[in-house]
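These notes are about the structure you will find just below.
Each value in this text was obtained by applying a stated rule to the coordinates, not by laboratory testing. None of these values were measured; they are calculated from a predicted model. Here the Cβ is made from the backbone with ideal geometry for all residues, glycine too, and neighbour counts use every protein chain on show.
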Amino acid sequence: MSAIEYNDYARDRAGWFFGLTGMQLALVILGGLPDLLALNSHAWLLFAAWLPVWALVIVLVAVPMRGRSAARWVYDLAMYALGGVMGWTRWQSKVAAGTVSDLDEADLPGVLAGVRMHDGPPYGHTMVRPAIVQNTSERTWAAVARIVHPGIGLAEAEERARMGAGLAELHEISARTELIDLLAIQVRTVPDDGAERAAWEKRHRRGGVELAKQINEQLSATLTPAAVRNEAFVTLVVSEDRISRSAKESGGGVDGRARVLYGAMSEIETRLKGAVGCTSVSWLDSPALAVAIRTGFAPGDRAALVAADLAAGDDPGVATGVPMAAAGPSSAHTEIRHYNHDAWTSVTDTIVLPDQGAILGALAPVFVPSAPGERRTVTVFYPVMSQQSADKLVGREEMSAIVGSELRRKSGRLERARQRRANQRVADMDAKLARGRAMVRPCAAASITVPNHWPIPEYGRRLDASIRVAGFIPQRLDLAQDAGFAAAAIPLGIGLPRRRGRR
């Protein structure tokens with residue numbers, strides 16, 4: 001991974017034959033078997049009758065449309081229709097239904113339903129108790145930190161290179177721990193509700209010229225709706241398979257897993273405050289994590305939560321925060337191309353990395369809202385790959401590159417520049433692994449959230465346009481908008497699927 005440009009990536013699953021996987025190749029051969037038998041027996045009428053059927057099978061299985069084959073689209077649409085008939089696409093919280101029994105138990109929709117929150121033992125010199133996120137469906141454990149970073153927009157070239165090198169070192173440390181399964185960095189660009197400014201003005205307002213007061217109020221009313229603020233989170237995810245043995249040696253149970261997780265958290269925190277350039281890293285406890293989840297689903301609730309925190313400084317009787325049981329939406333509904341949650345609607349795209357590589361900071365246009373009141377969220381996932389797995393993957397890619405080049409040479413086909421560049425990329429990655437570097441296969445998801453009475457198709461197109469302006473390719477998560485929103489906007493370590501059937 002270069003400090004300025006990252007291009008050490010390729011397809012996770014290379015096709016065996018002209019880009020086809022083994023299953024696709026088998027289906028194509030089985031679909032053409034009747035034609036081959038008819039050709040062998042000189043049954044020309046049967047051959048001609050079955051030929052369109054074989055062509056249809058090839059189109060359904062092998063021709064991709066918006067990231068999926070036609071057969072996969074048919075299957076996904078059928079499952080979505082079944083979910084709509086069975087009522088699986090709609091969700092209501094226990095708080096809204098009046099059936100909640102434990103306010104400390106998380107109640108979240110969709111892929112977040114298996115999430116459980118635990119308070120870990122005291123951590124660090126501040127003795128804070130970070131929230132340990134258990135995902136029972138994926139068998140993972142996670143911790144979430146709120147970070148403050150100055151950004152790279154005004155950074156000099158040397159400083160930007162240092163931050164990029166620090167990010168590369170962070171991934172290498174994650175791989176060497178042989179414990180971390182996923183590292184996710186989430187950045188939210190949210191409308192500034194003016195809660196802190198209103199509280200500051202209330203405390204510092206003094207008698208003065210009436211005209212100055214009017215000018216200040218007009219400026220505040222004009223500028224606050226157009227202002228934005230940024231929030232950033234880092235989520236550390238560890239699988240149960242990797243942590244279970246060490247957890248038994250540390251006492252077992254949730255506390256044992258938390259103690260093992262704390263070691264990885266310390267290493268990540270050191271790197272974040274070092275070359276990466278973060279000025280603050282705060283591991284969230286359960287109340288803070290509940291607020292982060294709530295503002296993820298409902299950005300407009302932040303003003304009331306901040307106002308309550310500020311009022312509690314003067315009156316300890318004021319209730320602050322939000323119970324974990326009420327952190328999620330009161331109701332949610334999954335549509336084909338967007339996701340409705342309470343009074344908000346979201347559209348989520350995955351970001352396809354360009355073939356020529358990605359420059360550090362290239363995602364900046366995706367963070368910029370196109371209208372006041374719009375919320376943008378981008379999460380970049382860094383699945384950690386062990387050195388052994390990376391060596392095997394690069395070995396397979398090298399073999400595929402050699403076989404492909406040999407087939408093209410024997411068939412008289414000219415090797416194109418893109419193919420030569422892909423072969424050189426594999427060779428460079430092999431050399432980097434030999435020097436002890438880590439392989440990183442990042443993926444990213446971007447989400448836009450607006451009030452549900454706004455025209456969501458238009459804002460979905462604006463998100464697509466922002467991704468294209470940044471030099472990337474948007475891929476709308478049709479039929480899976482709820483899972484995409486959970487991955488892109490909720491900092492709980494719910495990653496995107498690495499391959500079919502696996503996360």
query: On a 0 to 90 degree scale, rounded to 10, what angle separates helix 286-297 from the longest Cα axis of the chain?
result: 60
field: Helix-only CD estimate at 222 nm, as mean residue ellipticity for the chain, using -39500 (n - 2.57) per DSSP H run (n ≥ 4)
entry: -14500 deg cm²/dmol
- prompt: So, counting K/R as plus one and D/E as minus one, what does the shell of residues with Cβ under 10 Å around Arg408 add up to?
  reply: +2
Angle in degrees between helix 195-204 and the longest Cα principal axis of the chain, rounded to the nearest 10: 20
field: When the range 95-185 is reduced to its Cα atoms, the Kirkwood hydrodynamic radius in Å
entry: 16.8
Extension reserve of the Gln387-Ala26 stretch, reckoned as 0.36 nm per residue once the Cα distance is removed: 126.7 nm
field: Full-extension gain in nm, Ala97 to Val368, via 0.36 nm per residue minus C-alpha separation
entry: 93.9 nm
- prompt: Does anyone have the angle between helix 302-312 and the longest principal axis of the chain? Alpha-carbon axes, 0 to 90°, nearest 10?
  reply: 30
message: Starting from 0.36 nm per residue, how many nanometres of slack lie between Val59 and Gln214 once their C-alpha separation is accounted for?
response: 49.1 nm
query: Cα-Cα pairs above 33 Å in the chain: how many percent?
result: 47
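Note down the net charge around Val128, summing +1 for each Lys or Arg and -1 for each Asp or Glu among other residues with Cβ under 14 Å from its Cβ.
Summing Lys/Arg as +1 and Asp/Glu as -1 gives -1.
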- prompt: Around Ala165, what is the net charge, scoring Lys/Arg as +1 and Asp/Glu as -1 over all other residues with Cβ under 12 Å from its Cβ?
  reply: 0
message: If the reach is capped at under 21 angstrom between alpha carbons, list the lysines near Lys202, excluding any in the same chain fewer than eight residues apart.
response: Lys213
query: Do any trypsin sites (Lys or Arg not before Pro) in the range 387-440 lie in a DSSP loop with no more than 16 other beta carbon atoms within 10 Å, and if so, which?
result: Arg413, Arg416, Arg435
query: For Lys392, which lysines qualify as cross-link partners when the Cα separation must be under 18 Å and same-chain residues fewer than eight apart are set aside?
result: Lys432
